[in-house]
Amino acid sequence: MGRDRDEIFQKIRGVLVDALGVDEDEVTPEATLMGDLGAESIDFLDIVFRLEKAFAIKVPREELFPAESLLNNPELVSNGKLTAKGLAELRERVPHTNLSGFEKNPDISKLADLFTVNAIVTYIDGRLNAG
Amino acid sequence: MKFVLIDKIVSLEKGKRLTAVKCVSLAEEYLADHFPTFPVLPGVLLLEGLVESASWLVRMTQDFACSMVLLEQARNVKYKSFVSPGSQIEYTVEAKAIDRNTSSFVGYGVAGGQEIVEARLGLRHFNLADRDPAMATVDSQVIQQMRNRYDLLSQQV
Amino acid sequence: MFDRSPVLTWAPMRWIWIDKFAEFESGHRAVAIKNVTLAEDHLHDHFPGFPIMPECLMIEAMAQTSGILVGEARGFREKVILAKISKAVFFDYVRPGDSLRIETQITTMAVEAASTSGRITRADQIIAEIDLMFSHVDRNLAGMKFPEENFVFSGTFTSLLRDVALNHKRPAEQRLESG
């Protein structure tokens, strides 16, 4: 039986409040992890650790926050934008994010904006209901 | 060690914001242990710089009404880079709220244009006499000492 | 392994904020003791007229206890440093003559980082709850230059680590050299 999406959101909100020291009302579904909530590399690790405990699943960090390894690969990034190969790679790694807007102008400085609270909810929802 | 982790208060807007600087020098004894061959200011002393900055903002905003101004909670304190001897850190704290007995802040430290530390802080402030009236003299003594220290830090001496 | 040419050879104060280990379960949890005494200079500045242990130094005591626990679990091979204080909450102040019990456990151990959760108590009273994250320096701060040797776990901690070698439940994989 699948977990209710709202229940998942509330649990994730608790995780983000603990990991990022933000207030509950700052954690909206549309909030971006890096821009709005101030998350950085060490916070991504903290978030992954807490999600693993909260949902009793293993979360390979790459699946949730693939940006770092993507950005370091010259085949995938050119002139500050993702190449076609880079986009394909991204699509494969983050099926839980909505890429339609980003694909029109795959500027890597906007990559961070993709990682919203909603994206995490979708990821966890997918993992829990995959059976 | 001398437990004063800022050197000069650079600006202060009561109820709102304070900036201060701390110079890091090999003269600071703990650097010999932190670390041998790689002296850098310990992370908790960076946090203390922010706590002291926030404390001075409380004291000045409340005209030194409370003797005790203590860290009640620190959240999401992140260390982004190291500070070595010869560097100067600028701390900024911005008040979210300053109430009679509690206050909250966001703070950060920058050295050489680089972010060093950021934190969310909550302080609590009170007088010892609040619980034990016999301690009123101690409160006055501490407050006087802190007023003197403020004069030193704001370089009004 | 320890005590490579330090920058200063004369250290009138030691940056050690715990006094001994009371319990040590390798890879899992540890308990250290910190005694607070008027013989500590810094108390006289915090505050003049009413000395109490600075909260930041309580965080450091927890960081050293937890850092040694994490480092030992990896055989002290890596430079493990404090990367983040997730939360540190204080419930009361601590005075000279108090003896603190610093208890911590590893909550996650991953390749790049580890997280710990702990509390500080005085007799039966809770003084603080402190959650920390430690980072593997070489992996996570690319582009910065560090000395080769493990400057984190140096001679400073030798006497404490002797307690660890004697008390822990797993045979030591590496002999700890005396400073």
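Points to keep in mind about this one:
- Residue in the range B:88-105 that is in a helix (DSSP H, G or I) and more than 25 Å from C:Ala63 (Cα to Cα) present: no
- Residues that are over 20 Å from B:Arg75 (Cβ atoms) and assigned to a loop (DSSP other than H, G, I, E, B) within the range C:77-93 comprise C:Arg77, C:Glu78, C:Lys79, listed in sequence order.
- Scope the range C:34-50; condition at the interface with chain B (Cβ under 10 Å from one of its Cβ atoms) and part of a loop (DSSP other than H, G, I, E, B); matching residues: C:Glu40, C:His46, C:Phe47, C:Pro48, C:Gly49, C:Phe50
- Matching residues in the range A:16-30 - criterion: being surrounded by 17 or more Cβ atoms within 10 Å (Cβ to Cβ) and more than 13 Å from chain B (Cβ to nearest Cβ): A:Val27
- Which numbered condition A:Phe49 fails, given (1) out of contact with any strand residue (DSSP E or B) (no Cβ under 7 Å at 6 or more places or on another chain); (2) surrounded by 18 or more Cβ atoms within 10 Å (Cβ to Cβ): (1)
- Residues that are in contact with a helix residue (DSSP H, G or I) (Cβ under 7 Å, 6 or more places away or on another chain), over 13 Å from C:Thr107 (Cα atoms) and facing another protein chain (nearest Cβ under 9 Å) within the range A:42-58 comprise just one, A:Asp43.
- Unmet requirement for B:His34, which otherwise passes all of (1) part of a loop (DSSP other than H, G, I, E, B); (2) touching a Gly at 6+ places or on another chain (Cβ under 9 Å): (2)
- Residue that is farthest from A:Ala19 (Cα to Cα) [pool: residues in the range C:76-92 that are surrounded by fewer than 16 Cβ atoms within 10 Å (Cβ to Cβ) and within 14 Å of chain B (Cβ to nearest Cβ)]: C:Asp92
- Residue count for the range A:74-97, restricted to those that are surrounded by fewer than 13 Cβ atoms within 10 Å (Cβ to Cβ) and of a type in the set (S, T, N, Q): 1
Every residue, every condition in (1) modelled with pLDDT under 95; (2) under 18 Å from the mean Cα position of the chain (by Cα); (3) at the interface with another protein chain (Cβ under 10 Å from one of its Cβ atoms), yes or no:
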{"site": "B:Ile116", "(1), (2), (3)": "no, yes, no"}
{"site": "B:Gln141", "(1), (2), (3)": "no, no, yes"}
{"site": "B:Leu153", "(1), (2), (3)": "no, yes, no"}
{"site": "B:Gln156", "(1), (2), (3)": "yes, no, no"}
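- Subset of the range B:1-60 (residues that are under 14 Å from the mean Cα position of the chain (by Cα), among the acidic types (Asp, Glu) and more than 10 Å from chain C (Cβ to nearest Cβ)): B:Asp7
- Residues satisfying the stated conditions in the range A:96-110, i.e. touching a strand residue (DSSP E or B) at 6+ places or on another chain (Cβ under 8 Å) and under 20 Å from A:Val59 (Cβ atoms): A:Thr97
Let's see how each residue does on (1) under 27 Å from A:Asp46 (Cα atoms); (2) out of contact with any Lys or Arg (no Cβ under 6 Å at 6 or more places or on another chain); (3) modelled with pLDDT of 95 or more:
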| site | (1), (2), (3) |
| --- | --- |
| C:Met53 | no, yes, yes |
| C:Glu60 | yes, yes, yes |
| C:Ser66 | yes, yes, yes |
| C:Asp92 | no, yes, yes |
| C:Arg101 | yes, yes, yes |
| C:Val111 | yes, yes, no |
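The values are calculated or read from the model by the stated rules, or taken from the named source; none is laboratory data. This one's a predicted model, so the numbers in the text were calculated from it and none came from an experiment. We place every Cβ from the backbone using ideal geometry, glycine too, and count neighbours over all the protein chains shown.
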